[in-house]
Every structure is written in structure tokens, then in C-alpha cells.
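Trainee: Mind having a look at this structure? Questions to follow.
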Amino acid sequence: MSHSVVDLRSDTVSQPTAQMRARMATAVVGDDVYGEDPTVNELETRTASIFGKEAGVFVPSGTMGNLLAIMVHCHRRGTEALVGDLSHIFLYEQGGASHLAGVQLATLKNAQDGTFSLEELRRRIRHEDQHEPITSMVVVENTHNICGGKVVPLAFLDELAALVRKPGVGTGSARIALHMDGARVFNAAAALGVSVERICRDFDSVSICFSKGLSAPVGSVLVGSKEFIAEARRLRKALGGGMRQVGILAVAGLVALDEVVPLLGKDHERTKKIAKAIFEIQSPNITVELDTVQSNILLVEITQPKLEASEFASRLGTVEPEELAAGVTDKNGSGIVVKASARDWAFARLVLYNQIDDEKVELAIRKLKYVIGQYDKRWPRA
Ligand SMILES: *Cc1c(COP(=O)(O)O)cnc(C)c1O
């Protein structure tokens, strides 16, 4: 018997929409290394304009977008980039800044809301002492993945820009570039009800993923000034990211801008709905902090010390005969599989995207309630 599967491991598992597939079949293409793919050019120009930047470059992945930003902003030898200690760049990009770009990453402690202390940043900026590397770049991740899809507050971004642009701090030869790892910056905009242009106003560059909640099969766009993008485009070739008739992929990004971006708020509502359902169980073993749910990522906290997040995730992914008997099924009487990931020991992570509709949300809630209820029978409130 085949089960109903609700895959909430990540928004990277989102599937291209029907419209994306249709448009891919007929996309007008050319050799993009020659700059002759009109569809890629359109995606680059349009994305840059949405972000209020001069230019953009299409890259295969967010990792490459971030790496290129580091390579261009930290082109001088002996420089460092300051990043959050829970950032994707620091944790999940293989340290490419060091092993591919020769740039040192230095970390600022991330707060729960995805920000870091601006006072710590001020003290950590280095550009005078011969012993020290030169701070050339500061990165903000928005929304912040590991912090649970947190939307970085605009006030923080404004204060950060004011600090970095203060005369004598990061100006002249010691200019400090601001880069946003905006893999999910459209989610931040949807959550705040402001434009991505406003969010990224003071940033020199932004890397945007089309293959997460935006549902495209592949691709990111890096945006910034004309000179910055020209240099990034050159280095993209050195990294093996020069692609040919990729309008076939870029067109999915164009469809995402038209068709998926306007729906991101819906993903956020559904994420809150699941959060609320878990919260209302008032389980002594598994809980969520409702007011920390801001976008499409939900962290579920395991408060039972005898249970690990990975065990909880694997239980959600299996169907036991008793639960079928208890009616935890889809409308055809088949079992429900919820795929979740474990962020660490104590937190499971659920991520929503375009294909997770109201029906899938109901199935996920049914399964979560049952599994959590079973744990509560085993470990009742003391
Ligand atoms: C996914 C992601 C990236 C880039 O990932 P790729 O898999 O290389 O496209 C960068 N930053 C954040 C926060 C991400 O979630």
C-alpha cells in the first residue's frame, strides 16, 4: 500500500510548477558565456531591477553566488569576511571562502533572531594593525535558516549600514562591503510586507536562490553594481560556472517571480497553522514557540531528554499498523509519512513550500498529533 507523503525536510525539495515545465520547453536560448541567451539576460536584468541594483549574474547555486561575492569583495590578499557563526556560509559551504578563495572567515555570534551584536562587530573590524587581516566584508543571512527562518529586522539592517558606513570605519581604502545571503530574502519581504529593494537598500550585493521556496529546479542570481557583477561574471567562469543554453533554466526563475513569489505569504500562514496545532497539544515532550515562527521554517523543540530530534523525525517518517487502526490515514485509508529533518539534537525542522497545500498540511497535522500523543502517553506530564 502506498502512503501519502508530506515532505517537509527542506524547501529545496520543491518541484518545478507546471507553468515552469511548459515555459522551459519553449524558452528562447543562446550561448550564455557569449552573453547571448536572451532568457538568462532577462532574468538577470529583471532580478537586478527588483532589487534596485545595476546588474545581476545567473549562477548554478547559492553557494556559488556567496563564494563569488566573497571573491570580489575580498579580492585583496590578507582580508577577512565577518559572518554569523550559525550562517550557511560558515556551516554549510565547505569553508569554500578559505579553500577556494583564500579568504579567512571570522564569526560573530548569532543571536536567536538571526542578528549579531553590532557592538561586537564594531570592536571586531580591523584595518590598521599590520598583524591583522583587513576586514573587507560583513554578511547577513536573511531569512536566517538555522535560527528557524527568522526575518532579520529592518532596524538592525539600518543600524548595521550606519555603522559600517561611518566615516573612518569602513570607508576609503578600508571600505567594508555588505553582502546579504538572501537565499530566502523573498520570504523576508513577504513576512515584513516590504519590498526586497527596501530590505537590500544598503547592501552592495545580494545572492538570491530560485530553487528553494521559489520552486525552480536550479539557479541563483547574484546582484550588485555593474563593476561588481562584471568581476563576478569573470570569476564564475574560473569556478566552472559558465553555462551555455541555460535560458531553459532561467525561464523557471522568471515564472517563479510571476507566479510563486506572490504566494510565499501562504506558505508562512500554513507554517503557522502547523505550529499552532503542535502548540495546542501542550505536550510536556515536544513544543514550539509560536511567536518565533516568522516565515516558512518551523523548529520543533524536543523537551524530553530521552528523545532525540532525529528519532522524532524518523518516527514521523514511518507508518505503524496501530496508527492505521487509529484512523491516522489519508482519505483513501493509506498511512501518512511526514518527512522532517533534525537541525541538531533538540530541534526538528519542518519547511513549507509551494506544493504543500492545505490538504498536505492537514495530513501533516494529523500525523504530528498522533505521534506526539504517543510520546505523551509514554512520558506523561509529571
Ligand atoms: C540553500 C542556501 C544557500 C545556497 O545553497 P545551494 O544549495 O548552494 O543553492 C545559501 N544560503 C542559505 C541560507 C541557504 O539556505
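Every read-out reported here was derived from the displayed coordinates using simple, explicitly stated rules and does not represent laboratory data. Not measured: the values here are computed from a predicted model. Counting neighbours? That spans all protein chains shown, and the Cβs are built from the backbone with ideal geometry, glycine included.
Trainee: Would you compute, from DSSP H runs of 4+ residues alone, the mean residue ellipticity of the chain at 222 nm, taking -39500 (n - 2.57) per run and dividing by the full residue count, rounded to the nearest 500?
Mentor: Only helices count here, giving -11000 deg cm²/dmol.
Trainee: A further question follows. With the dipole of the chain worked out from charges on the C-beta (+1 for Lys and Arg, -1 for Asp and Glu) around the Cα centre, which of Leu290, Pro380, Ala55 lies farthest toward the positive end?
Mentor: Among Leu290, Pro380, Ala55, the one farthest towards the positive end of the dipole of the chain is Pro380.
Trainee: Going by how many other Cβ atoms sit within 10 Å of their own, how do Thr39, Thr292 line up, fewest first?
Mentor: The fewest-first ordering by Cβ neighbours comes to Thr292, Thr39.
Trainee: For the chain, which span is the longest to avoid every loop-located (per DSSP) member of GluC sites (Glu not before Pro) having at most 13 other Cβ atoms inside 10 Å?
Mentor: Free of exposed loop sites, the longest segment is 129-288.
Trainee: Taking Cα atoms, how many degrees apart are the long axis of helix 264-281 and the longest axis of the chain, rounded to 10 and kept between 0 and 90?
Mentor: 40
Trainee: Counting other beta carbons within 10 Å of each residue's own, what order do Val223, Val83, Val361, Val260 fall into, fewest first?
Mentor: Val361, Val260, Val83, Val223
Trainee: Step through the residues of segment 306-322 one at a time and calculate ³J(HN,Hα) from phi using the Karplus curve (6.51 cos²θ - 1.76 cosθ + 1.60, θ = phi - 60°), rounding each to whole Hz and writing x for Gly and Pro.
Mentor: Each residue of segment 306-322 in turn: 8, 10, 9, 4, 5, 5, 4, 4, 6, 5, 4, x, 10, 10, 9, x, 4 Hz.
Trainee: Sticking with this one: Under unit Cβ charges (Lys, Arg +1; Asp, Glu -1), what dipole magnitude, rounded to 20 debye, does the chain have relative to its Cα centre?
Mentor: 200
Trainee: What do you get for the angle between helix 38-50 and the principal long axis of the chain? Use alpha-carbon atoms, 0 to 90 degrees, nearest ten.
Mentor: Helix 38-50 sits at roughly 90 degrees to that axis.
Trainee: Cα centroid distance between segment 315-336 and segment 226-261, in Å?
Mentor: If you average the Cα positions of each part, the centres end up 43 Å apart.
Trainee: Another one. In whole angstrom, how long is each semi-axis of the equivalent ellipsoid of segment 298-382, when you take the square root of 5 times every eigenvalue of its Cα gyration tensor and sort them from largest down?
Mentor: The three semi-axes for segment 298-382 are 21, 18, 10 Å.
Trainee: Report, in listed order, any pair from Lys276/Lys360; Lys272/Lys369; Lys53/Lys109; Lys150/Lys306 with a Cα-Cα distance greater than 26 Å.
Mentor: Lys53/Lys109; Lys150/Lys306
Trainee: Counting other beta carbons within 10 Å of each Cβ, put Thr107, Thr63, Thr45, Thr135 in order, fewest first.
Mentor: Ordered from fewest to most neighbouring Cβ atoms within 10 Å, Thr107, Thr63, Thr45, Thr135 come out as Thr45, Thr107, Thr63, Thr135.
Trainee: Further question on the same structure: Just how many % of Cα pairs in segment 30-244 lie over 21 Å apart, if you round to the nearest whole percent?
Mentor: Every Cα pair in segment 30-244 considered, those over 21 Å come to 50 percent.
Trainee: If you don't mind, there's one more thing I want to ask. Give the value in nm², to one decimal: projected area of the alpha carbon convex hull of segment 224-382, averaged over all directions. Can you show the working numbers first?
Mentor: On the way: hull surface 54.3 nm².
Projected over every direction and averaged, the Cα hull of segment 224-382 covers 13.6 nm².
Trainee: Rounded to the nearest 0.05, what FRET efficiency do Glu289 and Ala325 give with R0 = 41 Å and r taken as the Cβ-Cβ distance? Could you check?
Mentor: E(calc), rounded to 0.05, equals 0.75.
Trainee: Tell me, which longest segment in the chain has none of the trypsin sites (Lys or Arg not before Pro) that fall in DSSP loops with at most 11 further Cβ atoms within 10 Å?
Mentor: The reported range is 110-305.
Trainee: Oh, and also: Of His127, Val218, Val72, which is farthest along the charge dipole of segment 30-244 in the positive direction, counting Lys and Arg as +1 and Asp and Glu as -1 at C-beta?
Mentor: About the Cα centre, the residue reaching furthest to the positive side is His127.
Trainee: Where the Cα atoms of the chain are projected onto their three principal axes, how long is each span, largest first, in whole Å?
Mentor: Sorted from largest, the Cα extents of the chain read 68, 53, 36 Å.
Trainee: Output the 0 to 90 degree angle, nearest 10, between the alpha-carbon long axis of helix 62-73 and the longest principal axis computed from the alpha carbons of the chain.
Mentor: Between helix and principal axis, roughly 20 degrees.
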